[in-house]
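Chemist: Just passing along the structure, written as structure tokens.
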Amino acid sequence: MKSDLLKIKKLRSKLKFNISLAESCTGGMISKNLTSIDGSSLFFNGACITYSNEMKKNLLNVPGKTIVKHGAVSHQTALAMVKGLKNLTGSELLISVTGIAGPNGGTTKTPVGCVYFGVGAKNKNKYSFHTIKKIFNEKSRYGVQKKSTEFAIQLILKELTKL
């Protein structure tokens, strides 16, 4: 992961971009890794740790009906989170993450290790949005959070190469 972080720093010298995050199940771990890069203040705008549904609704304007209908851990919520983050920050690259880190709380539909990532990217003054679902087969809460963080860093790197 360290090499991916250094690649992000190197890309910043070639491209103009800012990154913002909306973290839930990772609890700030992605932000911690991004800010471990010296000079990260040049590209990291910040993050919202919207762990509760109330914070998702109040800070990111995720509609309550989205959470009720689809659940806090869903494509729809991850997408609403990243769109709310865009309205809050206007960064060129936006990532949201919501999932079940466990060890409890999983269901058949959304088992422990199920994580949704929302992605928003501004290219030629136009934003595009999508979501990605991953299932991390980790035994511990920390393991799910770590794998989610590593995936998010790789996702950031991949999205930056498209800008």
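Any read-out appearing in this document is the output of simple, stated calculations on the displayed coordinates, not a laboratory observation. For clarity, every value in this text was computed on a predicted model and none was experimentally measured. Reconstructed Cβ throughout: ideal geometry from the backbone, glycine too, with neighbour counts over all protein chains shown.
Chemist: Enumerate the residues in the stretch 47-84 having an amide nitrogen under 11 Å from the point lying 7 Å beyond the Cα of Leu11 toward its Cβ.
Modeler: Of the residues in the stretch 47-84, none has backbone N under 11 Å from the label point off Leu11.
Chemist: Between 0 and 90 degrees, rounded to the nearest ten: what's the tilt of helix 2-12 against the longest Cα principal axis of the chain?
Modeler: That works out to roughly 50 degrees.
Chemist: Let me ask something additional. Restricting to DSSP H runs of at least four residues, report the calculated mean residue ellipticity at 222 nm for the chain, -39500 (n - 2.57) per run over all residues, nearest 500 deg cm²/dmol.
Modeler: Taking each H run of at least 4 residues, the total per residue is -12500 deg cm²/dmol.
Chemist: Next question, about the same structure. Just to confirm the number: angle between the C-alpha axis of helix 141-160 and the first principal axis of the chain, 0 to 90 degrees, nearest 10?
Modeler: Its long axis makes an angle of about 40 degrees.
Chemist: Nearest-5 percent of antiparallel DSSP beta bridges in the chain?
Modeler: 65
Chemist: Give me the lysines in straight-line cross-link reach of Lys162: C-alpha distance below 17 Å, same-chain residues under 8 apart excluded.
Modeler: Lys7, Lys9, Lys10, Lys14, Lys16, Lys122, Lys124, Lys126
Chemist: With just the Cα atoms defining each centre, how far is the stretch 13-37 from the stretch 75-112? Give it in Å.
Modeler: Here the two parts' Cα centres lie 15 Å apart.
Chemist: Follow-up question, since we're still on this one. What is the angle, in °, between the Cα long axis of helix 75-89 and the longest principal axis of the Cα atoms in the chain? Nearest 10 is fine, range 0 to 90.
Modeler: With both axes taken from Cα atoms, the answer is about 40 degrees.
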